[in-house]
Amino acid sequence: MNKTIVTLACALIAPLGFAQTGTTTTKQTATGTQPTTATETTTTYTAGTVSTYTPGKTIVVQSNLGPASFVLGTTTRIVDGAGHVVTAALTPGQRVRVYYTGTGNTRAVERVIVGD
């Protein structure tokens, strides 16, 4: 019985004594297809009155949360409540609703709706 246990123990330990140590290198390669990612953008608006307006550049809107400054891009549309393009410059005190995406300094204005 003891001889069987010793033989079995030697049989299990022997491969460890003859084991080789080495390094295995794994290389990950990129394929032609990349996984698609979906991004979701949320449009937010600020409503208030115009404090200052520089056509094609900036608009500052005074809301109940305080003043908010926006940079107007080349794709920004300024329209009235019916959706018609407003060609006249905005004046201080006019009611507006500024629709934008992003937060902080990365806000992109999509459209400005001028109220009555």
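The values are calculated or read from the model by the stated rules, or taken from the named source; none is laboratory data. Since the structure is predicted, the reported quantities are computational estimates derived from the model, not experimental observations. Cβ placement follows ideal geometry from the backbone for every residue including glycine, while neighbour counts extend to all protein chains displayed. SASA here: full protein model, heavy atoms, side chains in, ligands and nucleic acids out. Shrake-Rupley method; radii C 1.70, N 1.55, O 1.52, S 1.80 Å.
If you go through segment 89-116 and keep only what is in a loop (DSSP other than H, G, I, E, B) and either surrounded by 11 or more Cβ atoms within 10 Å (Cβ to Cβ) or touching a residue at least 24 places away in the same chain (Cβ under 8 Å) (or both), you end up with ALA89, LEU90, THR91, PRO92, GLY93, GLN94, GLY102, ARG107, GLY115, ASP116. When GLY73, GLY48, GLY83 are checked against the criterion of being under 19 Å from ARG107 (Cα atoms), at pLDDT 90 or above, of a type outside the set (A, V, I, L, M) and open to solvent by less than 70 Å² (accessible area, probe 1.4 Å), GLY48 stands alone in meeting it.
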